[in-house]
Amino acid sequence: MKTLHIVLFLLLHSSFHHFSAQEASGNFISGRVLDAVTGETLPGATIVINELPGRGTVTNEKGDFRIKVPLGAYSIRVSQVGYVTLIKTDIIVNAGRESVVSIKLQSTTVEMEGVLIKGDYFDKSIQVNNLSTVVLNAEEVRRSPGSLQDFQRILQSMPGVAFSSDQDNELLVRGGAPNENLVVFDDIEVHSVNHYPNEYNSGGPINMVNVDLIEDIRFSTGGFISKYGDKLSSIITVNTREGRRNTTIAGNANTSFAGAGLILEGGIGDNRGAWLFSARKSYLDLIVGAIGLTAVPQYYDAQYKVTYDLTDKQKLSFSGIFGDDYIDILGEPEITDPLLAGRIDTVGMENVFVRQNQFASGLSLKSLWSKNFFTTTTFSTTRYHYDVDVTTEVIRRTFDGSGKLDGHSTLNIRPLYRQLSDENEYGLKLDMVYLSSPAYEFNAGVSYRTGEFNSAVTIDGDTARYDLDNDGTYETGPIVLPPAVINDSISLFKENKTYAYINNKFTLLNERLVINAGLRYDHFTYSNASELSPRLSLSYYLIPAITNINFAFGYYYQTHAYPIYGDRYKSGVNRNLLNSRALHYIAGLEHIWDEGLKMTIEAYYKKYDRVPVSEELVYLEDKTFRSEKVLNIGEQDSYGIDFVIQQKLVKDIYGTASFSYMNSKIKDFRKGYEGKTIASDYEFPYIFTIILGKRFSGLKSEINEMPFYIRYPSHLLPFSDDMEISFKWRYSSGRAYTPREFTTTEQRREGGVVWSRGSWHPGTNLNSERYPAFHRLDVSFNSRYNFKGWNLVVFLAIQNLYNQKNVAGQSYSSDGTNNTVYQYSFLPVVGIEAEF
C-alpha cells in the first residue's frame, strides 16, 4: 500500500510597523492615479468604494488619494473627465495595514453613456493591444489554487499554454518551445525570473519573484507590437510595486511553499521616494518525499527596488533580482525485478550536480517632457552563471531470490559531461512616446546590448562496438570518439545585439478602430544576422467598449542560445547560423457580457522556419554518423483555437473557463523521410481548464445566529467572517514521445570499465506515441480572523486532490530496464499566518 504523505505547515507570518508622525491610525486604501501612456499624475480623479455607497474621495494636486475603510475586500471605481472609467478589484484591507494601489487610466475623447458607468475591469489601459493578452494583479496570483504563489504557474492555465510536467513552470505557448518567451522585469530584458533555468528553457521549478512585490503581470501569447522582439512566442512583463512612501519602516517575515523570507520597506525624503527589499530561502528538503521529487533543490533569492521623484516630471527607479540555486540528482540503484532474482549485474548510473546563480539589475529614468512627450531610459546589467557536472557511476548489484536489491558497490566513477559557463550583458535602451493628437500615438526606441559569454564544455570520450549482423560477434569496434573540450567565447565590447523599432498607433472612427503598425530592426554582430520585422494589428469595436474583433500579422525572429553557435572542434562551423523565424496570423472576437465578465475566442496560425537542427538528427538512421554541424532546416506549422470566459472578482465570485485546440507539426528533416510530418514535442491537442472561487463575507456571524445544533459544531471548523474557497481542474492531452528500442547489437564502454548490455535508441516513428492524458484537481481554502491591530489567516491547499498518477516520462537504464517517472502526487498543505 502506498504511504499517504500528509505535510503540516505551520506558517507563521509576522509583520511589524513603525508609522511616520503624520500617519493616523486606522485602515486605509491609498494610491496614485496616473495617465496610462505618459505616467502624468491626474489630480481631480474621483475614487468611489463600490462596496461602501457614498464612501469616496478625489485625488489631490499630485494625483494621490487616501480613504479610511473598515476591514474587508474591496473594489474601487476610478473616473476622470477625458478618461475611461476603471474598476480596480482585489483590494484587501487587513488590520493595522494600509493597502496601496497604483491606478493607470486610458484617455478617451468619446463620452459614451453606459460605457463609462460600466467601467473597465480588465486593465485595457496597460495592454499593448487587445490580442492574446491577460493582466494579473498580486492578489490574483496569491489566491490561485495550485499556483504555489508562482505567477508562471497561473499563466500555465491561460488558453493556448501547455507544460510538459507540473514539476516545472515552463510555458509552451501555442506550440512554441520553452525558450521562446521574452521576460521583461521592471524594464529589464532578462533570460528568466526562475530558479534552475538553463540556456534552452526560461522556466524552472520555482519562480524568484515574491508575490508581495508584484504590481501587475502582463502576458501576451502572440501578435505583440514591434517594441518587443528576439522571441518567437510570447512576452511576459513583470512590474513590481513601490515601497510604502508614507511609512518610516514596515515589513513582514513569512513562510510558504517557496520558503522562508523577509520583506522590509519604507519611505524616503518626505514622500519623495520609497525603498523595498525582499529575501527568501527554500526549505524544500523538508517536503521532498511528499511532492514526489527524487532530489532536493535548494535556493536563495532577493529582490529590491528604490524609487525617487527627482522632480514632479522625472522619476528614478533602481531595481533588481538575484537567485542562487543548487541541486544534486543521484542515480537510484534501488530496483526490484523478479527476472533478476539471484543475479549479479553491472549497470551505469548518472549523477548530476548543478550549481548556478543569476542576477539582473536596472536603473530607469522616466521623464515627462510635456503632456505629449514621454521617455524611459534604462541601463541594465544581467549575469548568469551555470555549472553542471555529470558523472557516470558504474555499480555492481546483487539481487536476492525474489529479485530485490540485496547490495551494491561502486566500481568506478568517471566524468561524463561538465559545463561551466558565464554570461554577462550590459544594456542601454531608450523608449519614447509622442502623442501628436488624441488619434495618433508614436512609439519608438533603440537598444544596445553588449557583453561576454564564456563557456567551457568537457565531454567524455565515447567508445562503442557494433554487432552488424546480430550473430553475437561485434564486427565493428571499438569505435572511439576522444574526449573533447569546447570553449566558446563572445568577447566584451567586440560583439553586441542592437535593435530599433517604431510603432504607430491610430485611433480612428470615433475610437471604434485601433491600428498598430510597426517595424523592428535587429542585428547580432557575432552571427552577422540582421532582420526586419513588420508588425500589424487592428481592433474594430462592433459595439463601443463592449464587442470588438481583432486581427494581427507579423514576422518574429529569435537568435539562438549561445552554446548552439559552438562546436566540439572550435571550427566555427555554426557561427553564421540564421535566426529562427515565425510568422503569426491571429484573428479573434472579444465580448464583455456583464460587469467583469468577458468572453474571448481566437484562432491562430504560426509558421516556423530556419529552426536549427543537428546534422546528426538528419542522418539519425546511421548510428555511426557523427557531426557538430547545425543546419537551419527546421520547419513547423502550429495552428489552433483558444476560447476563454473570465469573471473578475465581482460580488464575491471569480473564475475562468478555457478550452484550447492545438495542432503543431514538424516537417520531417531526416534523410529518407522527406514529405512526412512529425508531432511537435510541444503539441498538446486538447486542453481544458476551469478555475472557480468564492468569497464569503459575514458567514461566521450568520452561523452564530443559527440554532445551537448548527452553531456549536461549526466551532470545530475554521469559519470566519472573511473566507474564500477556490478550485482548479485541468485536463490536457498527453505529451508526444518517441518509443525507444533496446538493442544488444550496440554496446558502450561504461565508465571505462565494462561494456553495457546494450543501448536504447529512438525508433523510426518519431513522436508517434503519447503519454496518458494529464488531469488534476487543486483546492484552496482561506479563512481570515481580524482582531484589533492584527489578523490571523488559516488556509488549506491541496494539490492533486484525487492523487492522479500523471506520467512525466520514462527513465532508461543501460541494463535494458526502464521505469515510469510520475509528476506531483497528492499534497495537502495546512497553514497559519499571523499578521501584526
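The values are calculated or read from the model by the stated rules, or taken from the named source; none is laboratory data. Every value quoted in this text rests on a predicted model; they were computed, and no experiment measured them. We place every Cβ from the backbone using ideal geometry, glycine too, and count neighbours over all the protein chains shown. The area values use the complete protein model at the heavy-atom level, side chains included, leaving out ligands, DNA and RNA. Shrake-Rupley method; radii C 1.70, N 1.55, O 1.52, S 1.80 Å.
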**Report entry** Positive-end extreme of charge dipole, the chain - chosen from Ile103, Ala360, Ala302 (charges on Cβ)
**Finding:** Ile103
Report summary line: Plugging the Cβ-Cβ distance of Phe442 and Thr473 into 1/(1 + (r/R0)^6) at R0 = 60 Å yields, to the nearest 0.05, a FRET efficiency of 0.20
Query raised in the report: Cα centroids of segment 423-477 and segment 657-717: how far apart, whole angstrom?
Result: 33
Query raised in the report: Given Asn579, Ser202, Tyr74, which one lies farthest toward the positive end of the charge dipole of the chain, if we put +1 on the Cβ of every Lys and Arg and -1 on the Cβ of every Asp and Glu?
Result: Tyr74
Report summary line: To the nearest 20 debye, the chain has a Cα-centred charge dipole, built from +1 on Lys and Arg Cβ and -1 on Asp and Glu Cβ, of 1480
Query raised in the report: Taking amide hydrogens as modeled 1.01 Å from N in the peptide plane, which residues meet the under 5 Å criterion relative to Asn194, leaving out close sequence neighbours?
Result: Met208
Report summary line: Cα-based Rg then Dmax for segment 594-724, in Å, read 27.1, 81
Report summary line: Per its Cα gyration tensor (rounded if a/c is under 1.5, else prolate when a/b beats b/c, else oblate), segment 187-279 is best filed as oblate
Report summary line: Shape call for segment 734-836, from the Cα gyration tensor axes a ≥ b ≥ c (a/c under 1.5 means rounded, otherwise prolate when a/b beats b/c, else oblate), comes out prolate
**Report entry** Relative compactness, the chain, computed as alpha-carbon Rg over 2.2 N^0.38 Å
**Finding:** 1.00
Report task. Starting from the Cα of Lys623, draw a straight line to each of the lysines and keep only those under 30 Å, dropping any in the same chain fewer than 8 residues away. Result -> Lys570, Lys665, Lys667, Lys671, Lys676
Requested in this report: Go through Ser733, Val238, Val630 and say which Cα lies farthest out towards the positive end of the charge dipole of the chain; charges sit on Cβ, +1 for Lys and Arg, -1 for Asp and Glu.
Outcome: Val238
Report task. Among the listed pairs Lys88/Lys313; Lys505/Lys606; Lys88/Lys728; Lys281/Lys497, give every one whose C-alpha distance is greater than 29 Å. Result -> Lys281/Lys497
Query raised in the report: Using a 1.4 Å probe, what is the accessible area per residue for segment 589-669, in Å²?
Result: 45
Query raised in the report: Quick one: Karplus J couplings for segment 76-88, per residue in order, coefficients 6.51, -1.76, 1.60, θ = phi - 60°, nearest Hz, x for Gly and Pro?
Result: 10, 10, 10, 9, 7, 4, x, 9, 6, 5, 10, 10, 9
**Report entry** All-pairs Cα distance distribution in segment 369-433, expressed in whole percent, bin size 5 Å
**Finding:** 4, 11, 10, 9, 9, 8, 7, 7, 6, 6, 5, 5, 5, 4, 3, 2, 1
Report summary line: Computed from every Cα-Cα pair in segment 511-591, P(r) in 10 Å bins starting at 0 and rounded to whole percents is 16, 32, 22, 16, 10, 4, 0
Report task. With the full set of protein chains in place, find how many percent of the accessible area of segment 635-740 is carbon and sulfur; take the probe as 1.4 Å. Result -> 62
Query - Net dipole in debye of segment 483-584 [+1 Lys, Arg Cβ; -1 Asp, Glu Cβ; about Cα centre; nearest 20] - result: 40
Report summary line: Per the Cα gyration tensor, segment 567-627 corresponds to an equivalent ellipsoid with semi-axes, largest first in Å, of 46, 14, 10
Query raised in the report: Taking a temperature of 20 °C and a viscosity of 1.002 mPa s, what whole-number D in µm²/s does Stokes-Einstein yield for segment 134-231 with Rh from Kirkwood over alpha carbon pairs?
Result: 157
Report summary line: In Å², rounded to a whole number, the accessible area per residue of segment 698-836 with probe 1.4 Å is 48
